[in-house]
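Everything below concerns the one structure shown next.
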């Protein structure tokens, strides 16, 4: 039986976001530009807090709710 590895990472790169959440780099960049996803710079590298990445993903994949107008 294979053991699953728990990541102890605190932050994730844009490439890491692309791989982990199966979204395009342009989607990540668009959400960074709009402010719906927050990141920090470390030198030339853009890093996103893992909790922030999960919050963004959970919000982005939540089914849209709407109310029918009469």
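Please treat every number below as a calculation from the coordinates, not as lab data. Remember, predicted model here, so these are calculated numbers, not experimental data. When we count neighbours, we look across all protein chains shown, and the Cβ atoms used for this are built from the backbone with ideal geometry, even at glycine.
With the crude spin-label approximation of a point 7 Å out along Cα→Cβ, what separation in nm comes out for residue 30 versus residue 49?
With each label placed 7 Å out from Cα toward Cβ, I get 2.6 nm.
Taking 8 Å as the Cα distance limit and 6 or more residues as the minimum spacing, I'd like the relative contact order of region 11-60 as a percentage. Don't skip to the end; give the middle numbers.
Details: 44 pairs, mean separation 20.5, N = 50.
With pairs under 8 Å counted, the relative contact order is 41 percent.
Taking every pair of Cα atoms in region 11-60, average 1/r, invert it to obtain the Kirkwood radius, and report Rg/Rh to two decimals.
Numbers: Rg = 9.6 Å, Rh = 10.6 Å.
Result for region 11-60 is an Rg/Rh of 0.91.
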